[in-house]
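Engineer: Below: one structure in structure tokens.
A short reminder: the numbers here are calculations on the coordinates, not readings from a lab. All values derive from a computational prediction rather than experimental measurement. As a convention, Cβ positions derive from the backbone with ideal geometry for all residues, glycine included, and neighbour counts pool all protein chains shown.
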Amino acid sequence: MAKNKKKYKILAINPGSTSTKIAWFEDEEEVFEKNISHSSRVLDRFKTIWDQYSFRKDEVIRTLEEAGFDLSELDAVVGRGGLIRPIPSGVYVVDEQMIQDARIGYQGPHASNLGCVIAYSIAWEHDIPAYIVDPPAVDDFEPLARISGQAKIPRTSLIHALNIFATARKFASDQKKKFEDLNLIVAHLGGGITVAALRGGRAINVNNGIEEGPFTPERSGNLPVLKLIDMAFSGKYTHQEMRKMVVGKGGLVSYFGTNSAMEVENMVKAGSERHRLVFEAMAYQVAEEIGARSTNLKGKVDGIIITGGLAHSQMFTDWIKERVEHIAPVYIYPGAREMEALAHGALRVLRGEEPAKRYGVHTPKVGIFYWDNIEAYVQAINYIEDYFRAKGYVFRKEDSNLELLYANCEGDDERGRRELERLVDQEVDMIIAIGSPASALAAQFLRTYDIPLIFTGLYSKEILAGVDWKKANNLYASLYGVPVEEQFENAVLRIKPDVKKIGVTYKIGELQSNIEHDRVREFCAKHGIECFSYDVQTHEDFEDAVKYFSDEKVQWVYLGSDSVIATATAKQLETITSKFPTQCALEDTVCHGGMIAYHISWKELCEQSADFAVRLLNGMEIKKAIVSPQKRYITANHDTASRFGLADKIAQIKGVKLL
Amino acid sequence: MALDIFDLMRTTNNYELTFYEEPSVQLKSIIAINNTVLGPVLATTKIFDFQSVDKATQVALRMAYYNTYRSALLRRPFGGGSIVLSGNPKKVKNEFYLRALGIYVNKFAGNLFIAPSADLSDEDIKYIMRETDFVVGGDEDFMRNGMPPAKATALGIINGIRAAVKFQLGRDDISGLTFVVQGIDGVGYYIVEHLLQADDVNVIITDRVYDRIKAIQDRVPEVKVVRPGEIYKQSCDVFISCTFDSSISEEEASMLETKILTGSVNNVIYSDNIEKVLQERDILYIPGYVLNGGEIILFDNELSGLGPDVVEAQLNDIYNITLDLLRQAREENKTVNDVAISAATQYIENIAAIKKLR
């Protein structure tokens, strides 16, 4: 029976002006939702919206406790972000900077400013992450969209991002397409109306929901500017009254004194021509805005989506449809799916499907530090890059959300130090060190810096002598060393259980090689096998090694993971591999003519390192700082084995991969 | 293994331990009396949801033990004792619970005084006073003109820290220094408030309860905030632990990047062995009971009718006492804890000897 997968439990919090909506999700499923109403009598007690924090938080917790939920079971809390500084769409980790901006109301006071701080607070007390998803402050504008026509007044984005992106994602999923591959126009029709052009998953243009675009049930949208100026300076109205005329008492309210579209629709149905004129004009202006957005996408529109509360009105959407369906097919998704959007955003991050972004202007930088241009290290870089891509990171492109900086030691300590200095100067957020030599150097050089270090393909943690792993909170490692005993038991001893003499190459001065060598000698001593060691400093030493092993009549040779073996070509290795059956520490050595290796997967190991990096970037918990892939592989070289008449015997080993 | 209560009483020098339960008001209490040579017990009260009576008994006995010494170090006429009550202080307290506690305190016939604490507010004390006169910190006139007990404790700790800074860092002021405050409720709050008033001082705070963080950050946005799990990694000059529920373990001690470690709870570290770890790392450790007697000075003034205006000046005693102990510890190559216990014990013995003459 399939093992039950753990369900992520997520609390979504969406503060509105007179209520706080909460929902408890278990994976995609909403198991509880409640709209907690706050009377204006209570809210009026607070001087500012920010002061409502404790009251609303207590209400949220009380409601959940009364409903029998245990907050300690949560995996994350997600809040509706507020009018913070303009940011690209996405899921963001709530941090101190965001809280500061929400506190001051960077783009104005709004109940949604409380979303991030209440989420942060609950997450703080349960030591779990807090996120916001697509706040109204989302600003993905392309440069052309920022030009208003008056140099002193740049255009800014203010968008119903949460519902617009959620509906667009839902549409993409319904169409079985990738959201990022679609060109869409999404019109959110509610108390406010925003119509966005989405390209590559970004809202490249949208009418500012407060002061531009179609009129709405209570906002005036675009107005004739000169008449507005004359009115403002007529002396009849205060500044506040003018603002209220545009936002709050504009739109349907200004014509009929109500912000209820349903009431107006009923009047239309009852035969009121005046109501029909105004109501249809609102649809007319929405269609006009959709037409404008289609030009932003140069006419290449995959679909027009109409969503929000007003999309429930077929009369209204039909009026829009008849004017825009020549542009692209129109799809109606009535209602708002804000709670779902919040929870699903958090879920994507928890599942590792999307990276959570960092608030502010910071694009995270990851340094990749490696010893030399040898094949295994280049491969490691490829695996790590692939993993980042799979997790939604983009680098070396215009819309990058991650910067990768590469630093090659070129096999030289001094150069390695200079490269590390460069990474430090460039303020990398973390460094991934590939291979034992680079890891040892980075650990030594960076011991006084507070930069997380991820060791990839470290032979064993003893390589980093002097590192106090108990105290080291910024060090992570993926280990490749399969215990020597395990290697021998699964290769040499299976093929030649009575082996009496083994040769081993190692490189004096290379710590991991010396540790490995000691372990081979310990193993041999324990099993009564004579062990003959030969120090190989360069590839030229292979011939002498072979001579020594031949003189001592060794039966097998162990080729370790030192830099001489790791960088040897098949031709160079042939000196040894053609003379002796070889047990190899590295899979790569088998590819280069070694006979057999019992090993872990280099790819899996690199992915584990990249996973550390992704978790750190997303502020997610890392339960174990030192890991090693559990799965083992046996790889053998058929031609080499045939040369020693061992091909058939090796082929019988269960699970062996023959090259 | 069950707790050997008598053994623990012996090792903590406690001579009386009483358990009291009043199910009708959900009151469960443990009272430990350590020493009354210096005077009636001034009991510290702690309310927490104790899952195990053994654990709560240990807490009661240890608090009583250290309370004796902190009174003696300050040469104030109070014995050491403690009251440990079961329950979540936010939920369990009500008029009847508190009045029942007052009735219980009354049974000690003046040998034990109860005082406000982090878990007993001024309002709570008023209920207790309906049933017993053996209360300090309840004199409204005195308190109105004075300072809250937690503030007196905080200022005392700050004075002690100034002595430590002088001794360890050779500095007469704290400007340019970085302070970590772990736990910002009650005493921790006042410590942070005081530090933030100083010029050019960096303060890093954390607390398990985010609301407390927010309350400070809303007033002083530039204060650095870290999550509780991150606090031991912060590099600082002085680490002040003010949390009752998380004394510092050996692993945490080995992570500390500070020059001075102290706090508001009697013993900041989990076990005495950790002192060695700190010594090896050249971190000066001052147990909390050496510095946290500010409230005792406050209460002593209330009972002796001296008035609140002299309290602040008397809190300076903690500077001098601390500096003397630090110098003595260095001269005798002992820990601060050792010399403090020995100085306090000596004082108690001297008083006991004098009392025999009466």
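Engineer: Rounded to whole Hz and in sequence order, give me ³J(HN,Hα) for region B:111-118 from the Karplus expression 6.51 cos²θ - 1.76 cosθ + 1.60, θ = phi - 60°, writing x for Gly and Pro.
Structural biologist: 7, 9, 10, 9, 9, x, 8, 4
Engineer: Another one. Relative contact order of region B:149-347: what whole-number percent is it, with Cα pairs under 8 angstrom and at least 6 residues apart?
Structural biologist: 24
Engineer: Using only alpha-carbon positions, what ratio does the radius of gyration of region A:363-479 give when scaled by 2.2 N^0.38 Å?
Structural biologist: 1.01
Engineer: Let me ask another. Which of the aspartates and glutamates could a cross-linker span from A:K9 if the Cα-Cα distance has to be under 12 Å and same-chain partners fewer than 8 positions apart are dropped?
Structural biologist: By straight Cα distance, A:K9 reaches A:E26, A:D27, A:E28, A:E29, A:E30, A:D70, A:E73, A:D75.
Engineer: Apply 1/(1 + (r/R0)^6) to the Cβ-Cβ distance of A:D318 and B:E230, taking R0 = 60 Å, and write down the FRET efficiency to the nearest 0.05.
Structural biologist: The calculated FRET efficiency here is 0.60.
Engineer: Okay, moving on. Go through B:K28/B:K91; A:K461/B:K233; B:K166/B:K259; B:K224/B:K276 and tell me which ones have a Cα-Cα distance over 19 Å in this structure.
Structural biologist: A:K461/B:K233; B:K224/B:K276
Engineer: Hey, another quick one. Within 10 Å of each Cβ in B:212-219, how many Cβ atoms from other chains are there, averaged over the peptide?
Structural biologist: 3
Engineer: Is there a pair in B:K55/B:K334; A:K300/A:K397; A:K357/A:K397; B:K126/B:K356; A:K496/A:K526 whose C-alpha atoms are over 26 Å apart, and which pairs would that be?
Structural biologist: B:K55/B:K334; B:K126/B:K356
Engineer: Sort region A:1-137 into rounded, prolate or oblate with this rule: let a ≥ b ≥ c be the square roots of the eigenvalues of the Cα gyration tensor; rounded if a/c is under 1.5, and if a/c is not under 1.5, prolate when a/b is larger than b/c, oblate otherwise.
Structural biologist: Because a/c hits 1.5 or more and a/b fails to exceed b/c, region A:1-137 counts as oblate.
Engineer: Taking Cα pairs under 8 Å and at least six residues apart, what relative contact order does chain A come out at, in percent?
Structural biologist: 9
Engineer: Treating only the Cβ atoms of Lys and Arg (+1) and Asp and Glu (-1) as charged, compute the dipole magnitude of the protein assembly as shown about its Cα centre; round to the nearest 20 debye.
Structural biologist: My answer is approximately 1720 debye.
Engineer: Okay, moving on. With a sphere of radius 12 Å drawn around the Cβ of A:C531, what net charge do the other residues whose Cβ falls strictly inside it have (Lys, Arg +1; Asp, Glu -1)?
Structural biologist: So the environment of A:C531 carries a net charge of +1.
Engineer: When the Cα centres of region A:102-127 and region B:93-149 are compared, how far apart do they sit, in Å?
Structural biologist: After rounding, the separation between the Cα centres reads 38 Å.
Engineer: If you add up the charges near B:Y127, with Lys and Arg at +1 and Asp and Glu at -1, over every other residue whose beta carbon is less than 9 angstrom from its beta carbon, what do you get?
Structural biologist: Local charge sum for B:Y127: 0.
Engineer: Under the Karplus relation 6.51 cos²θ - 1.76 cosθ + 1.60, θ = phi - 60°, what is the ordered set of whole-Hz ³J(HN,Hα) values for region A:450-458, x standing for Gly and Pro?
Structural biologist: In residue order, the calculated couplings are 9, 10, x, 10, 10, 8, 10, x, 6 Hz.
Engineer: Let me ask something else about it. What is the distance, in nm, between label points placed 7 Å from the Cα along the Cα-to-Cβ direction at A:K47 and at A:S550?
Structural biologist: 9.2
Engineer: Count, for each residue of A:278-285, the Cβ atoms from other chains sitting within 10 Å of its Cβ, then give me the mean as a whole number.
Structural biologist: Counting other chains' Cβ atoms within 10 Å and averaging over A:278-285 gives 0.
Engineer: I need to check one value: relative contact order of region A:161-335, counting alpha carbon pairs closer than 8 Å and at least 6 residues apart, in percent.
Structural biologist: Taking the mean separation of contacting Cα pairs over the length of region A:161-335, I get 24 percent.
Engineer: Would you calculate the separation in nanometres between label points at A:M231 and A:T538, each defined as 7 Å from the Cα along the Cα-to-beta-carbon direction?
Structural biologist: Calculated label separation equals 8.7 nm.
Engineer: Can you list residues from other chains, or at least 5 along the same chain, whose modelled amide H is less than 5 Å from the amide H of A:G248?
Structural biologist: Under 5 Å from the amide H of A:G248 lie the amide H atoms of A:R219, A:S220, each far enough along the sequence or on another chain.
Engineer: Report the Cys residues of the protein assembly as shown lacking a disulfide-compatible partner, meaning no second Cys Cβ under 4.7 Å from their Cβ.
Structural biologist: A:C116, A:C409, A:C584, A:C591, A:C606, B:C236, B:C242 - these cysteines have no disulfide-compatible partner (Cβ-Cβ under 4.7 Å) in the protein assembly as shown.
Engineer: Moving to a separate point now. Which net charge results when you count Lys and Arg as +1 and Asp and Glu as -1 among the other residues whose beta-carbon is under 14 Å from that of B:L323?
Structural biologist: Overall, the nearby charge balance is +1.
Engineer: Further question: Among all the lysines, which ones have a C-alpha under 19 Å from A:K6's C-alpha, if same-chain residues fewer than 8 places away are not counted?
Structural biologist: In chain and number order, the partners are A:K623, A:K624.
Engineer: Of all GluC sites (Glu not before Pro) in region A:304-408, which ones are in loop regions per DSSP and have a Cβ with at most 16 other Cβ atoms within 10 Å?
Structural biologist: Loop-located and lightly packed - A:E325, A:E353, A:E398.
Engineer: Within 10 Å, at most 16 other Cβ atoms, and a DSSP state outside H, G, I, E, B define an exposed site. Report the longest part of chain B free of exposed chymotrypsin sites (Phe, Trp or Tyr not before Pro).
Structural biologist: After excluding every exposed loop site, the longest remaining stretch is B:16-269.
Engineer: Once each part is reduced to its C-alpha centroid, what is the distance from region B:64-80 to region A:251-299 in angstrom?
Structural biologist: 78
Engineer: Residues of A:119-127, mean number of Cβ from any other protein chain within 10 Å of their own Cβ, rounded to a whole number?
Structural biologist: Across A:119-127, the average partner-chain Cβ count within 10 Å equals 4.
Engineer: Quick one: dipole size for region A:176-225, taken about the Cα centre, charges +1 on Lys/Arg Cβ and -1 on Asp/Glu Cβ, in debye to the nearest 20.
Structural biologist: Its charge dipole is roughly 340 debye.
Engineer: Then there's this: What nm distance separates the two modelled labels at A:Q630 and A:E427, each placed 7 Å from Cα along Cα→Cβ?
Structural biologist: Going from the A:Q630 label point to the A:E427 one covers 4.1 nm.
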